[in-house]
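The values are calculated or read from the model by the stated rules, or taken from the named source; none is laboratory data. This one's a predicted model, so the numbers in the text were calculated from it and none came from an experiment. Reconstructed Cβ throughout: ideal geometry from the backbone, glycine too, with neighbour counts over all protein chains shown. Calculation scope for accessible area: heavy atoms of the full protein, side chains included, ligands and nucleic acids excluded. Shrake-Rupley method; radii C 1.70, N 1.55, O 1.52, S 1.80 Å.
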Amino acid sequence: MTAVSFLDGGLSGNRVLPGDDLAWLKARRLAGAERFAELGLPTPKLESWKYTRLRPLDDTCYSPISGAGDETKISDLPSIGDVAARLVFVDGKLRADLSDIADLPAGVRFGALEDILSADPDWVEAHLGRVAGDTNQAMLALNDAMMDSGFVLHVAKGVVLGKPLEVVYVGGLTSAPIAYFPRNLIVLESGAQATLVKHHVGRGVGAYFANSATEIDVADGAIFKHYRVQAENIQATHVSTVHARVGRDATYESFGLAIGGLLSRTEAWITLAGEGAHSGYHGAYMMRGNEHCDNTSYIDMAVPHTTCKQVFKGVLDDEARAVFQGKIHVARDAQKADGRMLNKTLLLSNSAEIDMKPELEIYADDVQCAHGATSGQLDTTALFYLRSRGIPEALARNMLVQSFLGDALNEITDETVREAFLDRVVHWLPAHCYLAGEWKESA
């Protein structure tokens, strides 16, 4: 069953999706299905998909999610440590026994989309689709049609959440390929502050297709930090669409660390809608084997006095391939806008490949904007120097890779998250080592 026929089966009454009894949600699903049927799966004929082909969806027969894997234990799950609450989804299904949302502070609502739909459908109706809208994005339309899981985070006006929230998606534990379609809805009211860490991890060797969509509304004066680790297994196809709206004097900070998955693509659409809005949209990717990673973003600086910064760095080995497409759009009235974009990639193999397309589209005349993109190999002079100080070659190479990625990781303002992500980087490297102070001094 391909993704298209899977869609047909999902809407034909063979499955019961969350909120199927709600007329407005059913209408949205049908509209999404019609839009997807019209658009079809994206192909390289589309400029925005020129460098990424969803080949696994052509070759794999997927089944819908049924039950969550039983063998997963809390000790198997990644975590940054001390968190305010946690949601765990295994093979697309919420595992209440692994989740913990019992002690949420007043003014914070955090739970599975299915549960919030049951408890407060009017609130979900008022917010679902408000930021993403009805677009011509095929994968978002597919998610609209098939949304079967996901979560809701709602932080009330002025509430500051001291500890991060955590969501863990575990996949790959089924013997037959499955597909799931999480829909996440995040709303921070004015003056609220929250941090969310998402882990996407492949625990087994089974094939799966995750097509997630996340809507984020950061109201005036709010601060939202959104961190993501993608460590899927080698059979996984992961497509993620993020739509964010940032209000006046509000901040949206995002960092995505991609370290695994057969094919992955994260597509972000960020609108700086209020004066003084800021977006820090950053990431790092480390791929090996024949893995493919795509980071595509569109940042709309819609009003005056907005700022955005993007720093992406990647490391590719073997025959891995990555794509970086970023566009900053400055509207005609968006004077005094300041937009920065940078992507650098380190190629550890002659067979690795990076395709980069940074773009600026500027209609205002009093702005500061810049972009840059480079690729290269390890600095042989630096490598020779480290080895001349008695450092083994493998360790010296890792030190240079860590140092290269450091500029991107330093954009993570939460120290606990930054350390956790650095640890994931270290354990991706062939020979684990930390860039300790003594090595810095000796180098």
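Quick notes
- Against the list (1) farther than 22 Å from Ile299 by Cβ; (2) surrounded by fewer than 24 Cβ atoms within 10 Å (Cβ to Cβ), the condition Gly221 fails is (1).
- Of everything in the range 195-214 that is β-branched (Val, Ile, Thr) and buried (at least 24 other Cβ atoms within 10 Å of the Cβ), the residue that is farthest from Leu185 (Cα to Cα) is Val197.
- Count of the range 335-352 residues which are in a loop (DSSP other than H, G, I, E, B) and more than 18 Å from Ala273 (Cα to Cα): 5
- Arg245 satisfies every condition listed in (1) in a strand (DSSP E or B); (2) open to solvent by 10 Å² or more (accessible area, probe 1.4 Å); (3) free of Cβ contacts under 8 Å to residues at least 60 places away in the same chain except (3).
- Enumeration of residues in the range 353-369 that are in a strand (DSSP E or B) and open to solvent by 40 Å² or more (accessible area, probe 1.4 Å): Glu353, Met356, Lys357, Glu359, Leu360, Glu361, Ile362, Gln368
- In the range 145-166, the residues that are modelled with pLDDT of 95 or more and not in a loop (DSSP other than H, G, I, E, B): Phe151, Val152, Leu153, His154, Val155, Val160, Leu165, Glu166
- The range 42-54, residues that are open to solvent by less than 40 Å² (accessible area, probe 1.4 Å) and either within 19 Å of Asp134 (Cα to Cα) or at pLDDT below 95 (or both): Pro42, Leu54
- Number of the exception - Trp123 against (1) within 17 Å of Ala219 (Cα to Cα); (2) buried (at least 24 other Cβ atoms within 10 Å of the Cβ); (3) among the aromatic types (Phe, Trp, Tyr): (2)
- Taken across the range 65-77, residues that are under 23 Å from Thr416 (Cα atoms) and open to solvent by 80 Å² or more (accessible area, probe 1.4 Å) do occur, with at least one present.
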